[in-house]
Amino acid sequence: MAKKITKIVPVKQQVVRQLQPKKRVCAYCRVSTDSREQQNSFTAQLEYYTVLIENQEDWQFAGIYADEARSGTKLQKRDDFLRMLKDCEDGEIDMIITKSLTRFARNTVDSIEAIRRLKGLGVAVYFEKEHIDSLSEKSELMLTILSSLAQGESESISTNSKWAVIKRFQDGTFILGTPAYGYTKDESGELIIQEGEAAVVRRIFREYLNGKGTYVIAKDLSEEGISTIRSAEKWNDGVIKEILLNPIYTGNLLHQKTMTTEVLPFRRQGPASSVSGRGQP
């Protein structure tokens, strides 16, 4: 009996592709400042990744996650980053594309922790600049080294920036943002006493020293229709206390009363710098 030979026809590659589920891919973008240049970079990243993902036949667009003007060292302040991690845990994402490791995070601990967490979920992170896929072999070693270098760069920039601010402050060349009530600024940024408001400040101190309470002082100023400080709609005891406790009215400027460091470990305060004999109304 002759053997019957059945020829198996290969399934076309295109048909196989159609049978396979598409990879759900998202992108993560971030810029760290509010400058116009960084804003343009942010917009460009959004457009670039949208086109890139939608043009891949075997990819399904899973969205763009983006944090604007958020420091790379502070994971808890990056709302969309955390939302992206949650969506990965919910099984909505298979792969994340990001421009570089520094766009992902500059904190080594947070970076590696997030990558491991995603790896455990089977979610890949592809870093374009470094050409690293987090699911590939030896990727964790490379990412740990590069994350450490990125954190070191962040610490160096932070230290240099803070030193420059403190030096200008001590030299008397630091330009204040919004002047305190009773002051304005000239073209060079120097404080100038605004006599009308300064008279109100002197009155507040005088009446308080004479025994009048902060609530009564605020009530009197409101009834007389005197304009309040820029951060408040009307006079109240809190505003009066703010003026009484502001060291600038005693001729002192205090820089870095409270702060949160940009690098590990995060601290709520740092060494304060004081300059005396400036700005007394």
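The values are calculated or read from the model by the stated rules, or taken from the named source; none is laboratory data. Just so it is clear, the model here is predicted, and its values are computed rather than measured. Every residue, glycine as well, gets a Cβ built from its backbone with ideal geometry; the counts of neighbours run over all protein chains shown.
Details
- You will find that of Leu143, Leu118, Leu149, the residue that is surrounded by fewer than 16 Cβ atoms within 10 Å (Cβ to Cβ) and either outside any loop (DSSP other than H, G, I, E, B) or modelled with pLDDT of 70 or more (or both) is Leu149 and no other.
- Scanning the stretch 181-198 for residues that are surrounded by 10 or more Cβ atoms within 10 Å (Cβ to Cβ) and at pLDDT below 80 gives Lys185, Gly189, Glu190, Leu191.
- Filtering Leu253, Leu264 for residues that are part of a strand (DSSP E or B) and modelled with pLDDT under 65 leaves a single hit, Leu253.
- Criterion (more than 24 Å from Leu118 (Cβ to Cβ) and at pLDDT 80 or above) met by exactly one of Ala62, Ala44, Ala69: Ala44
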